[in-house]
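Below you'll find the structure, written out as structure tokens, and then a few comments.
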Amino acid sequence: MSLPATTRAIAVYPDHPGAVHRTEIPVPQVGPTGVLVQTIRVGVCGTDREIIHGALGTSPPGSRELVIGHEVLGRVVAVGDQVHDLLAGDLVSATVRRPDGCPACVAGQPDMCIAGDYEERGIVRQHGFMTEYWVEDRAWIVPVPKHLESTGVLIEPLTVVEKAVRQVDLIQERMAWWQPSTVVVLGAGPIGILGTLLLRARGIDVTTVARTPQPNPAASIVEQAGATYVSSREVSLDALRNQRGNIDIVLECSGASTLAFEGMHLLGANGVLVLLSLTDAGRMLEVDAGRINTGIVAGNKTVVGSVNAGHEDFAQAVDDLGRFESLWPGLLNRMFTERLAFDDDVTSIARKDARGIKTLIEFDQTR
Ligand SMILES: [Zn+2]
């Protein structure tokens, strides 16, 4: 086939936030190690909404607009002559962050970058994947097995919790004995749900806490995976702490900065609290510093932040999506509460539907 010269895309003007628009951008040349991909679908996440509203997002050099989208599933169209392990038609996703020259990036861990000059597709100085065609170097392409065609768009959000749980495992190498049996997940958005499924797949008792009382779609998904859903309007975190005994892991992915401190109190002895929410500055809070500090010291507790993900997390996410599907057939698909076509009114993605979980932009329908 002849390769496309331009591609339709969904973009924002970072200097004039508040709305998304359709645009057309050139398709880059496919270099020797490049891969040209045709998008099947892209997931919309909270970061995309923050970019639309101007909280973050930087255009590529020389461009006023930034194509958004970093949760992608696509099909290989063509590869450079040094790429021998991918064929046209293969399913792929891609990692998000591209390294700068800092020691952590050079050592192969751009997700642990210390300089902060990295680029991210769809977020920082590189166009994202809400486009019919895109080109990426093979180094950042993630092959996806055919049986994940319907769910593979969840690989990138799943890597966020894969990295979080890997951090917990690394930290807990400090313990001569540690058998996590009780976990609390704060938040039941896509990250909270995927964290719940990941820990349930390990056979751990999970309680997922969110504001909205039952019934709601997120509660139904986590309960079908054998977790307990609790509305924070009906049960206080103090009551939960008394009910659940020693809580070994708390994953904070609610988006509420105040819950970082609640999580420190909720966490049991030798436990690990992983903070996953990026939150705005300016939220002031009065806390019982004495109680929290003593709890952390006397309980050997660890509080760790985690962002982005490494190559190993993408590989693990591909494996685990397959495991989730065999453990709970059809469950992941229930996370897709809205599907839009490229030609639909995509301006609606700027707003969060309170009961919706994951909005997808379906690009296949545009052909
Ligand atoms: Zn770096």
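FYI, it's all coordinate maths here, none of it is from the lab. All figures in this text were calculated on a predicted structure; none of them were measured in a lab. FYI the Cβ positions are ideal-geometry reconstructions off the backbone, even for glycines, and counts take in every protein chain you see.
Quick check on the stretch 159-305: take the gyration tensor over C-alpha atoms, sort the square-rooted eigenvalues as a ≥ b ≥ c, and tell me if it's rounded (a/c under 1.5), prolate or oblate.
Note, shape of the stretch 159-305 comes out rounded.
Kindly write out, for the stretch 177-188 in residue order, the coupling ³J(HN,Hα) from the Karplus curve 6.51 cos²θ - 1.76 cosθ + 1.60 (θ = phi - 60°), rounded to whole Hz, with x marking Gly and Pro.
Computed from phi, the couplings for the stretch 177-188 are 9, 7, 10, x, 10, 9, 10, 10, 9, 9, x, 10 Hz.
Counting each DSSP H run of 4 or more residues in the chain as -39500 (n - 2.57), what helix-only mean residue ellipticity at 222 nm follows after dividing by all residues, to the nearest 500 deg cm²/dmol?
Values: 9 runs with 92 residues, N = 367.
That comes out to -7500 deg cm²/dmol.
Could you compute the net charge surrounding GLY226? Neighbours are other residues with a C-beta less than 10 Å from the C-beta of GLY226; K and R count +1, D and E count -1. Don't jump to the answer; show the numbers that get you there.
Numbers: positive: ARG200; negative: ASP205, GLU223.
Every neighbour counted, the sum reads -1.
With each label point set 7 Å from Cα along the Cα-Cβ vector, what nm distance links SER326 and LYS146?
If labels sit at SER326 and LYS146, their model points lie 1.8 nm apart.
The stretch 37-91 to the stretch 230-269: how many Å between their Cα centroids?
Centre-to-centre distance over Cα atoms comes out at 35 Å.
How large is the translational diffusion coefficient of the chain in µm² per second when you combine the Kirkwood radius over alpha carbon pairs with Stokes-Einstein at 37 °C and 0.692 mPa s? Mind dumping the intermediate values first?
Details: Rh = 21.4 Å.
Result for D is 154 µm²/s.
By per-residue mean of other Cβ atoms within 10 Å, what is the highest-first order of 121-131, 245-255, 91-101, 315-325? Please list the in-between numbers first.
Working: 121-131: 24.5, 245-255: 22.9, 91-101: 20.8, 315-325: 18.6.
Packing order, densest peptide first, comes out as 121-131, 245-255, 91-101, 315-325.
Given charges of +1 on the Cβ of Lys and Arg and -1 on the Cβ of Asp and Glu, with all other atoms neutral, how large is the dipole of the stretch 238-285 about its Cα centre, in debye to the nearest 20?
60
Determine the shape class of the stretch 1-94: with a ≥ b ≥ c the square roots of the Cα gyration tensor eigenvalues, call it rounded for a/c under 1.5, and otherwise prolate if a/b is greater than b/c, oblate otherwise. Could the numbers behind the result be given before it?
Numbers: a/c = 2.46, a/b = 1.87, b/c = 1.31.
It comes out prolate by the Cα gyration axes.
How large is ³J(HN,Hα) for each residue in the stretch 109-114, as worked out from phi by the Karplus curve 6.51 cos²θ - 1.76 cosθ + 1.60 (θ = phi - 60°), to whole Hz, x for Gly and Pro?
Values, residue by residue: 10, x, 6, 10, 3, 9 Hz.
What is the distance, in nm, between label points placed 7 Å from the Cα along the Cα-to-Cβ direction at ASN333 and at VAL287?
4.3
Using θ = phi - 60° and the Karplus relation 6.51 cos²θ - 1.76 cosθ + 1.60, list the HN-Hα couplings for the stretch 202-217 in order, rounded to whole Hz, with x at every Gly or Pro.
Once θ is set to phi - 60°, the couplings for the stretch 202-217 become 8, x, 8, 6, 10, 10, 10, 10, 8, 5, 4, x, 6, x, 7, x Hz.
Once Lys and Arg get +1 and Asp and Glu get -1 on their Cβ, which of PHE261, ASN216, THR302 lies farthest toward the positive end of the dipole of the stretch 159-305?
Result: THR302, furthest along the dipole toward the positive end.
Within a Cβ distance under 10 Å of ALA201, other residues only, what is the Lys/Arg minus Asp/Glu net charge? Can you show the working numbers first?
Numbers: positive: ARG200, ARG202, ARG323; negative: ASP320.
Surrounding charge for ALA201 is +2.
What is the calculated FRET efficiency for GLN224 to GLN179, with r their C-beta to C-beta distance and R₀ = 25 Å, to the nearest 0.05? Please list the in-between numbers first.
Numbers: r = 25 Å, r/R0 = 1.01.
About 0.50, to the nearest 0.05.
Return the long-range amide H neighbours of VAL124 (sequence gap of 5 or more, or a different chain), with a cut-off of under 5 Å between placed amide H atoms.
HN-HN under 5 Å from VAL124: THR58.
Mind listing the long-range amide H neighbours of VAL185? Cut-off is under 5 Å, sequence gap 5 or more, other chains count too, H placed in the peptide plane at 1.01 Å from N.
THR207, THR208, VAL209, LEU251
At a Förster distance of 22 Å, what's the computed FRET efficiency of GLU312 paired with ASP137, Cβ-Cβ distance as r, to 0.05? Each step should come with its number before you reach the end.
Values: r = 19 Å, r/R0 = 0.84.
Efficiency computed from Cβ-Cβ geometry: 0.75.
Within the set of other residues whose C-beta is less than 14 Å from the C-beta of GLN29, count the net charge using Lys and Arg as +1 and Asp and Glu as -1. Let's see the in-between values first.
Numbers: positive: none; negative: ASP81, GLU136, ASP137.
Around GLN29, the surrounding residues sum to -3.
For a test of the definition: using alpha carbon positions, the gyration tensor, and the 1.5 limit on a/c, classify the stretch 140-222 as rounded, prolate or oblate.
Working: a/c = 2.18, a/b = 1.08, b/c = 2.03.
Judged from the Cα gyration tensor, the stretch 140-222 comes out oblate (a/c at least 1.5, b/c at or above a/b).
Using a simple charge model, +1 on the beta-carbon of Lys and Arg, -1 on the beta-carbon of Asp and Glu, nothing else, what dipole does the chain show about its Cα centre, in debye to the nearest 20?
Numbers: 32 positive and 44 negative charges, 128 e Å.
That gives the chain a dipole magnitude of about 620 debye.
Using +1 at the C-beta of Lys and Arg and -1 at the C-beta of Asp and Glu, which of ILE123, VAL96, PRO190 has the Cα lying farthest in the positive direction of the dipole of the chain?
PRO190
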